[in-house]
Amino acid sequence: MSTSSNIKSFSDYQDAYNASLRNPESFWSSIAESDYVWQKKWDQVCEFDLSKAHVRWFLNAKLNITENCIDRHLTTRGDQTAIIWEPNDPQEKALEISYSQLSQEVNRTANMLKSLGVKKGDRVCLYMPMIPELAYAVLACARIGAIHSVVFAGFSAKSLADRINDASCKLLITADGGFRGAKITALKAIADDALENCPSIESVVVKRRTGTDVRMKEGRDLWWSDAIESMTDICPPESMDAEDPLFILYTSGSTGKPKGMVHSTAGYMVYAGYTFSTVFQYEEGDVYWCTADIGWITGHSYILYGPLSAGATSLMFEGVPSYPDLGRFWDIVDKYKVNIFYTAPTAIRALAQCDMELVHSHDLSSLKTLGTVGEPINEEAWNWYSENIGKGRCPIVDSWWQTETGGMMISPISGITPLKPTYAGLPLPGVQACLMDNEGNEINGMGAEGRLCIKHPWPGMARTIYGDHQRYVETYFSEYPSMYFTGDGSRRDAEGYYRITGRVDDVVIVSGHNLGTAEIENAIDEHPLVAEAAVVGYPHSIKGNAIFAFVQCDEPPDNIEDFRSEVLNLVSQQIGPIAKPEQILLVGALPKTRSGKIMRRILRKIAAGERSEFGDISTLLNPEAVNTILEDLQATNH
Ligand code: WT7
């Protein structure tokens, strides 16, 4: 059973793309058939009605994704390393976990879940550092048909509680703490805070990692080592329907609370595996490293499910790029002779600022393919990456996709499709991308700019928002009838290559993390002195974007510095440190439309440094607010 890519030349790509347009069903069914193992094949490949966001793939097929990611490899590559685990501290022993060890660990973990009463369809929340047990727990859930909901270990107690409650999770798995560079995050203590308000949680399993002192609640909390001790490593895979949910993963939206995107079992598996093998052109024996955290979709699809389904060796790194120094990424590439490296523009920009000795002192000659994801990459960073890390001989795959899409959508195929710096390039086979104007018309022809939509379902797309299908329909399928609207703007050049220009909604991507401005505003509004807050993004040289908060108070704070740190604390507590505003400006008034909406367009310009040219502001309810803000800015030396 081979899962290497069938696309070996540009004309193969064109043939595959055309075949996928002509007949999406036969295109995807032949991939599903040849690259995966099924307990029972499907009766129908696809059924959909995008106006209702109704999408089903591989109807009535039965499978278990862990049979595809683990069991089927045991006979052919049981001793091959599945996961290389590199700890935060380079002095600590790394682990090379073979496919057979992975199988044993996942089965034991699965039996532990069962012993705690977890059944098919139950939701399990994972709030863990990047340690092997996180991978075991994800796969163990999949093994028994429980739905995992991984919450990034940088989120606050409040965010964790919201996510646990939204999905009524029964079990939480966490650790005493997590190492991140020189810091320790007290994960269990944060989880304890969260659990004050989480009635659905019956048990908590705690993996010891940092040795941090923790409180264990009698009857609720258990140590991982005790809970797993007597478990056997035999656990037959649960038989899952193609459309049974595999996981929930939360992503921020323009408005309201984070959306629990629900991914399916079969469609997601086929899509994550296909895009992994195709885009990276993974070859047998390659060492592949994606630097993302498993708390994000990139880690789900391209540390775990995609690479493991292809029988790859996937590196999982616990730490941060700056510890013990800013050469750590290159140290790891050198140590394991990494062949394929996938990271984010924000990391590239930060590392490009360092002493080049940190790069040159490592042997990077093993690298064949470099990838980037998460936000638009600027030309300077693209060139730096290509020249200094790729030494001018590694293709850069700038892959555009989203939590909602499950896998890469528009991306170069390494060594096969031509590269253009800052362009994600051509849609992958099966992806019918198009551009729409603000009036709802498709923009045909090349050399155009518009809102990026997808016309036909693909197997990896999310199926719903957990508990709120109507919101799924409204957010993604209502702007343009019978199309998936991505929320991104894009340009298409004369040859049909796409360049993503950024979000066209109120989502701001800071260091590759999606943040909803409304969520941050709500957090700031919690401050007793705050009357109203307006949050926008503005360009930042390392983070891509940063957050600017315009805050109007009922009465002026006594001490402005104290006030600022209280606001920052609130945002950290309500969401997490990643959402903290870079700038907080106290303003006398916020510009509003006559219907009472804050005019963010103007605030975005002010945040970006513009001091005039605001367009027509005469229709504002309070046009004078703009000048007041400019004066407030002056007064604080901005
Ligand atoms: C948003 C989705 C997909 C995994 C990580 C982010 C932006 C993503 C690119 C890229 C330009 C990109 C988009 C998208 N984005 N990749 N290569 N070029 N922008 O997943 O957190 O769901 O964020 O990230 O704006 O909508 P996510």
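The values are calculated or read from the model by the stated rules, or taken from the named source; none is laboratory data. None of the values given here were measured: they were computed from a predicted structure. Here Cβ is always computed from backbone atoms with ideal geometry, including for glycine, and neighbour counts include all displayed protein chains. Just the protein is used for accessible areas: all its heavy atoms, side chains included, with ligands, DNA and RNA removed. Shrake-Rupley method; radii C 1.70, N 1.55, O 1.52, S 1.80 Å.
Placing pseudo-labels 7 Å out from each Cα toward the beta carbon at T636 and S225 gives an inter-label distance of 4.9 nm. For the pair D213 and M356, the difference between a 0.36 nm per residue extended length and the Cα-Cα distance amounts to 47.5 nm.
Residue ranges 442-451, 622-631 sort as 622-631, 442-451 when ordered by packing (mean number of other C-beta atoms within 10 Å per residue, highest first). With only Cα atoms counted, the range 397-539 has Rg and Dmax values of 16.9, 57 Å. Each DSSP beta bridge with both residues in the range 507-637 is either parallel or antiparallel, and the antiparallel ones are about 75%. Put a dot 7 Å past the Cα of D233, heading toward its Cβ, do the same for T501, and the two dots end up 5.5 nm apart.
The relative contact order of the chain comes to 13 percent, based on Cα pairs under 8 Å that sit 6 or more residues apart. Each eigenvalue of the Cα gyration tensor of the range 457-555, multiplied by 5 and square-rooted, gives one semi-axis; in descending order these are 30, 21, 11 Å. Note on the range 334-476: Cα-only Rg and Dmax are 18.0, 54 Å. Gain on full extension, evaluated as 0.36 nm per residue between T619 and N441 minus their Cα-Cα distance, stands at 61.3 nm. Around the amide H of T210, modelled in the peptide plane, lie the amide H atoms of D176, G177, all under 5 Å away and 5 or more residues distant in sequence or on another chain.
Peptide packing: for 249-262, 18-31, the average count of neighbouring Cβ atoms within 10 Å per residue gives the ranking 249-262, 18-31, highest mean first. For the range 507-637, the solvent-accessible area works out to 46 Å² per residue, with a probe of 1.4 Å and every protein chain left in place. For the range 507-637, the alpha-carbon radius of gyration amounts to 1.00 times the rule-of-thumb value 2.2 N^0.38 Å expected for a compact globular protein.
Cys residues of the chain that find no other Cys beta carbon under 4.7 Å: C46, C69, C141, C198, C235, C290, C354, C394, C434, C453, C553.
The value of relative contact order for the range 60-207, using C-alpha pairs under 8 Å at least six residues apart, is 21 percent. Over the range 507-637, Cα pairs under 8 Å with separation of 6+ residues give a relative contact order of 22 percent. Taking the accessible area of the chain, probe 1.4 Å, and keeping the other protein chains in place, the carbon and sulfur fraction comes to 47%.
Ellipsoid semi-axes for the chain, based on the Cα gyration tensor and the rule √(5λ), read 37, 30, 25 Å when sorted largest first. Considering all C-alpha pairs of the range 568-638, those separated by over 21 Å amount to 34%. The trypsin sites (Lys or Arg not before Pro) of the range 359-445 that meet both conditions, a loop assignment by DSSP and at most 13 other Cβ atoms within 10 Å of the site Cβ, are K391, R393. Modelled this way, with points 7 Å down the Cα-to-C-beta line, the labels at E92 and K391 are 3.2 nm from one another.
Let me have the 222 nm mean residue ellipticity of the chain computed from DSSP H runs of 4+ only, each contributing -39500 (n - 2.57), with the sum over all residues rounded to the nearest 500. It lands at -8500 deg cm²/dmol.
For the peptides 371-384, 602-615, the ranking by mean Cβ contacts within 10 Å, running from highest to lowest, is 371-384, 602-615. What percent of all Cα-Cα pairs in the range 1-108 falls in each 10 Å bin, counting up from 0? Percent of pairs per bin, in order: 12, 28, 28, 22, 9, 1. Beta bridges from DSSP with both residues in the chain: antiparallel share about 60 percent, rounded to the nearest 5. Eigen-decomposition of the gyration tensor built on the alpha-carbon atoms of the range 113-264 gives equivalent ellipsoid semi-axes of 22, 21, 14 angstrom, largest listed first. Computed extension length for K597-Y323: 94.2 nm, one decimal, from 0.36 nm per residue of separation with the Cα-Cα distance subtracted. Across every pair of non-identical alpha carbons in the range 250-388, the mean reciprocal distance, once inverted, gives a Kirkwood radius of 16.1 Å. The distance linking the range 524-593 with the range 38-71 is 45 Å (Cα centroid to Cα centroid, whole angstrom). Annotation: per residue accessible area for the range 115-252 equals 36 Å², rounded to a whole number [probe 1.4 Å, protein chains only].
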